[in-house]
1. May I ask you to list the residues in region 98-111 that are in contact (Cβ under 8 Å) with a residue 60 or more places away in the chain and surrounded by fewer than 19 Cβ atoms within 10 Å (Cβ to Cβ)?
2. Please give the number of the condition residue 324 fails out of (1) touching a Leu at 6+ places or on another chain (Cβ under 7 Å); (2) free of Cβ contacts under 8 Å to residues at least 40 places away in the same chain.
3. Inspect region 357-377 for any residue being over 19 Å from residue 297 (Cβ atoms) and of a type in the set (S, T, N, Q) and give the result as yes or no.
4. Going by the structure shown, is residue 148 touching a Phe, Trp or Tyr at 6+ places or on another chain (Cβ under 6 Å), among the charged types (D, E, K, R) and at negative phi?
5. Of the numbered conditions (1) outside any helix (DSSP H, G or I); (2) more than 23 Å from residue 370 (Cβ to Cβ); (3) open to solvent by 10 Å² or more (accessible area, probe 1.4 Å), residue 247 fails exactly one; give the number of that condition.
6. Regarding residue 331, is this residue of a type in the set (Val, Ile, Thr) and either touching a helix residue (DSSP H, G or I) at 6+ places or on another chain (Cβ under 8 Å) or surrounded by fewer than 21 Cβ atoms within 10 Å (Cβ to Cβ) (or both)?
7. What number of residues in region 328-377 are among the aromatic types (Phe, Trp, Tyr) and either over 36 Å from the mean Cα position of the chain (by Cα) or farther than 21 Å from residue 21 by Cβ (or both)?
8. Just one of the numbered conditions (1) open to solvent by 20 Å² or more (accessible area, probe 1.4 Å); (2) over 27 Å from residue 372 (Cα atoms); (3) in contact with a Gly (Cβ under 9 Å, 6 or more places away or on another chain) is not true of residue 322; which one?
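The values are calculated or read from the model by the stated rules, or taken from the named source; none is laboratory data. All values reported here derive from a predicted model rather than from experimental measurement. Because the Cβ atoms are built from the backbone with ideal geometry, glycine has one as well, and the counts that use them run over all protein chains shown. Surface accessibility is based on the protein's heavy atoms, side chains included, excluding ligands, DNA and RNA. Shrake-Rupley method; radii C 1.70, N 1.55, O 1.52, S 1.80 Å.
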Amino acid sequence: MASKRENYDNEILNLKAFYLVLLKKIWILPLTALIGAVIAGVIYFLATVVYAPARNYVTESTLYIYFAYDENKGTEVDFYNAYTWNLLVKAEDQNLPVKVEGNILDLIMENLEKNGYREGTDITRDEVIASVNADIPSDVRVMIFTVKNPDKELSAAIADAANEALVSYGKINEAFTQIKLLGKSDTKLEIVSDRMGVAAIFGAVLGLILSILSLIFLSLVDERVYVPEDIQRRYRIPVLGVISGKGQTEPSFYRNEMIMMFREKLKGASKVCVISSDDKTGEDKAKNAISRMEEVIGDTLMKDMPALIPMPLPGNDNESLQKLSQVDGAIIAIGMGRQNGAMTEHLISLLKKLDCRIYGIVMTDADMKLLNRYLGL
C-alpha cells in the first residue's frame, strides 16, 4: 500500500530549517519587544497621567484606644479590628426610626457642620465614606485613621471632624475607657509610585513572547520551502538541483550535484519544458531559471543536456496541451521561501492528469548561506 504523501498544509515542521530561518528573522524579536515596551509605556502614561483621576491629599491621624475591662472574660475588650472600625466609621443610621446615640458618621457630619461644611451642599455622606479608612496595623490599641480627598482643605477638615468624633465615641461607648488622639500629620499630596519601568518591561516580555508564538504558528501553516529535503518529502518528486539568484556565485558542491542529477534523470530526453510555480502571468521566472541553469552548468556541458524550453503555467496558456505534447517532460522551478506551495501542488496534479512526465524540481533563488548552515558546509 502506498504511503500517504505529506501536503504542504500537514507536513511535519523541519525544526533545523525553522531555526535557521528564524535566525534570519531574529531582528523581529527585539523590534517587537521594543514596540511592546513603547505601547505598554504609553498605556501606563495615559492611565496614570493623562486620564488618571485627580490625585488625593492625604491626612493621617494616630489614635490610641483604651479598652474597658470585660468582666465576663476577665480581660480587656480586644475584638475591634480594622474591618470592625471601618464598619463603625462608615455605618449610616438615616433610615432608622430613632437615631443611634454615638453613630460615628453622624458625629463626623455634625463636626463638619460646625466647621462650615453643610451636608448636601458642601459635602455629602458618600464623599466622607469614600474618603476615610481606619486601619489597625498590629496592636489593636493603635489606630491609623487616613483621609484621602482631592480637596486639600476638605481632607484636613474631615480628618479633624473624624478625630473629634472618635474621641467622643470613646467616651460614649462602654467598650472603651477613652480614645486618645496621639497626633495628626500635615495634609500632603498623595505619593504615587512610578511604575513606568515595570510597565515597559512587562510590555517588552509580552511582545517578545507573542512574536515567538506568532513565528512558530506562521511556520506551522507556512507553505514556503527552504531546503531541498522538504521539497522531496512534500511532493515525492526528486530535486534536480539548487541554484542561487542571478549574479551570485554557485558553490561547486551544488553545481556538481545538479550536473549529476541532470545527467541521470534527463537521460534520453531531447526537449524538456521548464515551468515556474512563481510565474503568475507569463514565463519570466521560467526563463530566468533556465538562464541560471545554463550559466551554472556551463555551455560545454549543456550541449549534452536536452533543450530547456520555458513555459507559462498551463492555466495562463490555451496552447499548453499542444506545447506539452512536443516535449518529453517537464521540470518545475520553485523559488526558495516563496508562497508557492498550493500552486506547486496544483501544477503537479495538472501535469499528472495530462500524462506529462515530471523529471524533477529545481529550487531557484536559493540562499546559499542558509543551505550551507543547514548541511554543515
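1. Across region 98-111, the qualifying residues are 101, 102.
2. Residue 324 satisfies every listed condition except (2).
3. Yes: region 357-377 contains one or more residues that are over 19 Å from residue 297 (Cβ atoms) and of a type in the set (S, T, N, Q).
4. Working: touching a Phe, Trp or Tyr at 6+ places or on another chain (Cβ under 6 Å): no; among the charged types (D, E, K, R): yes; at negative phi: yes.
So residue 148 does not fit the description; no.
5. (2)
6. Values: of a type in the set (Val, Ile, Thr): yes; either touching a helix residue (DSSP H, G or I) at 6+ places or on another chain (Cβ under 8 Å) or surrounded by fewer than 21 Cβ atoms within 10 Å (Cβ to Cβ) (or both): no.
Taking the combined requirement at face value, the residue does not satisfy it.
7. So the first thing to find is which residues in region 328-377 are among the aromatic types (Phe, Trp, Tyr), and the list is 359, 374.
Filter once more, keeping what is either over 36 Å from the mean Cα position of the chain (by Cα) or farther than 21 Å from residue 21 by Cβ (or both): 359.
The total comes to 1.
8. (3)
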